[in-house]
Amino acid sequence: MSPAPYSVCLIPGDGIGPEVVDCGRRVLAALADGRGGPSFTFTRQAAGFDAYRQGGDSLPAAMLRAAEAADAVLVGAMDVARLPVDATQPLRALRRHFKVHASVRPARTFPGVPAPFGQIDAVVVREVTEGMYSGIEYRAGDHAACGVRMITRQASTRAARITFQQAAVRRRKVTAVHKIGALKLTDSIFLEAVERVAEEFPEVQLETRNVDACALELVRSPADFDVILATNAFGDILSDVAAGLAGGLGLAPSGCVGERRAYFEPVHGTAPDIAGQGVANPLATVLSAALMLRHLGERTAAEAIDASVADVLAAGGPRTRDLGGSAGSAEITDAVINALSGAG
Ligand code: NAD
Ligand code: IPM
Ligand code: MN
């Protein structure tokens, strides 16, 4: 008897989200198709700007229930910038609802993809529930507004633990990023939490860097970094920098992980400039689906996807426009599926 299929809740979102999530779904479905890999059932749920425009809610309760009931969740992207100020910021709300403490964002150069600044094999772990994106903003008169950068020991500790767990099975080096000169109270809380967690992992080396200097060093010597831990906004920025060093947002996957739940999504956004044209690079989402499989314990299937993406990129085969080619999303997805070998 074959094992029960995994139920996957797809949350395509806005812009290129539905296009790339459909590519991810096709690759997942292909794993069982004569390749002996796991099988899946899929449900689709609306969230983001279109959901808000159509139903008045950017994060519908029905979507949250479906996501909770599923074995795994794959998200596209949401057009957060177009939501009005009084609408729920769906990404923050989803991350808080699922109690996922950190977004784990690997950045790895692929053979065949130019890396003008040198090789990188790093992971940015970004706290995703508080910090500069806490969502606490208020007006201060007619011509000013304030935003609160909330940092707690609890959230910092949780993100740090995920970071050190990653580093312990990698090259055992953590770079914690701060701006202690400007943010004395908040970044003291953050760094103290990191130092405490570091004591649980004596085999892992901890260094700390100011965020500005870290951004420069990341571009100058990407190979020096293993796991980078950052508060919310710094991690948002540094994970795009790391993605750029590794070949661009079209190749950057991520997973938001907590103690009980997780969900997976590309690092990129809705790319309004190319949405609807079928030219988005689907590989960030396909690689996010591989991270999702690893989380489910389906290592062989995850490795099969990673290997087929690497093969397609190394073979000098079709490429989307962001990588200098002219292929569409569907063509790249077909190439990945054709390159898939045994996945069971
Ligand atoms: P973006 O990541 O959408 O796009 C930045 C640039 O990268 C654009 O030129 C775009 O065409 C390109 N790009 C992104 N993904 C690509 C892909 N898969 N293939 C080829 N090119 C790709 O960032 P933005 O323009 O700053 O933001 C657009 C919207 O997306 C905003 O509303 C923003 O808030 C939202 N956003 C959402 C998420 C998310 O849902 N996780 C992440 C980032 C941005
Ligand atoms: C990301 C995005 C979002 C974030 C934005 C759109 C709010 O940039 O997930 O990287 O930073 O939380
Ligand atoms: Mn971002």
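The values are calculated or read from the model by the stated rules, or taken from the named source; none is laboratory data. None of these values were measured; they are calculated from a predicted model. Cβ placement follows ideal geometry from the backbone for every residue including glycine, while neighbour counts extend to all protein chains displayed.
Within the range 263-293, track down each residue that is within 14 Å of the chain's Cα centre (by Cα) and assigned to a loop (DSSP other than H, G, I, E, B). Val267, His268, Gly269, Thr270, Pro282 - these are the residues of the range 263-293 that are within 14 Å of the chain's Cα centre (by Cα) and assigned to a loop (DSSP other than H, G, I, E, B).
Listed by first and then second residue, the pairs with beta-carbon distance under 6 Å, at least 6 apart or on different chains, first residue in the range 18-39 and within 17 Å of Thr300 (Cα to Cα), second of a type in the set (Asp, Glu), are Pro38/Glu298. Against the test of being within 13 Å of Leu74 (Cα to Cα) and more than 11 Å from ligand 1 (Cβ to nearest atom), the options Leu229, Leu245, Leu216, Leu296 yield a single qualifying residue, Leu296.
Output the number of residues of the range 1-10 satisfying the condition of being surrounded by fewer than 19 Cβ atoms within 10 Å (Cβ to Cβ) and part of a strand (DSSP E or B). Selection size over the range 1-10: 2. Quick one: would you say Arg319 is at pLDDT 95 or above, buried (at least 16 other Cβ atoms within 10 Å of the Cβ) and of a type in the set (Lys, Arg)? Here the answer is yes, as Arg319 does meet what is asked.
Of all residues being surrounded by 18 or more Cβ atoms within 10 Å (Cβ to Cβ) and among the polar types (S, T, N, Q) in the range 34-68, which is nearest to Leu293 (Cα to Cα)? Just the residue, please. Out of the qualifying residues, it is Gln45. Taking the criterion of being within 16 Å of ligand 2 (Cβ to nearest atom), in contact with a helix residue (DSSP H, G or I) (Cβ under 7 Å, 6 or more places away or on another chain) and among the hydrophobic types (A, V, I, L, M, F, W, C), would at least one residue in the range 264-276 satisfy it? Among the residues of the range 264-276, at least one is within 16 Å of ligand 2 (Cβ to nearest atom), in contact with a helix residue (DSSP H, G or I) (Cβ under 7 Å, 6 or more places away or on another chain) and among the hydrophobic types (A, V, I, L, M, F, W, C), which makes the answer yes. Can you spot a residue in the range 198-219 that is out of contact with any helix residue (DSSP H, G or I) (no Cβ under 7 Å at 6 or more places or on another chain), within 16 Å of ligand 2 (Cβ to nearest atom) and part of a helix (DSSP H, G or I)? No. Annotation: of all residues in the range 175-206 being of a type in the set (Lys, Arg) and out of contact with any Phe, Trp or Tyr (no Cβ under 8 Å at 6 or more places or on another chain), the one that is surrounded by the fewest Cβ atoms within 10 Å (Cβ to Cβ) is Lys184.
Taken as a whole, the condition of being buried (at least 17 other Cβ atoms within 10 Å of the Cβ), part of a strand (DSSP E or B) and among the aromatic types (Phe, Trp, Tyr) does not apply to Phe234. Kindly check whether there is at least one residue in the range 167-184 that is at pLDDT 95 or above, of a type in the set (Ser, Thr, Tyr) and in a loop (DSSP other than H, G, I, E, B). Taking every residue of the range 167-184 in turn, none turns out to be at pLDDT 95 or above, of a type in the set (Ser, Thr, Tyr) and in a loop (DSSP other than H, G, I, E, B). Taking each residue of the range 137-161 that is crowded, with 17+ Cβ neighbours inside 10 Å and looking for partners that are at pLDDT below 95 and assigned to a strand (DSSP E or B) with beta-carbon atoms closer than 6 Å, six or more apart or interchain, yields Arg158/His101; Ala159/His101. Restricting Arg220, Arg260, Arg209 to those that are closer than 18 Å to Glu127 by Cα, basic (Lys, Arg) and surrounded by fewer than 17 Cβ atoms within 10 Å (Cβ to Cβ) reduces the list to Arg260. Does the range 322-335 hold any residues that are surrounded by fewer than 23 Cβ atoms within 10 Å (Cβ to Cβ) and of a type in the set (A, V, I, L, M, F, W, C), and which are they? The answer is Leu323, Ala327, Ala330, Ala335.
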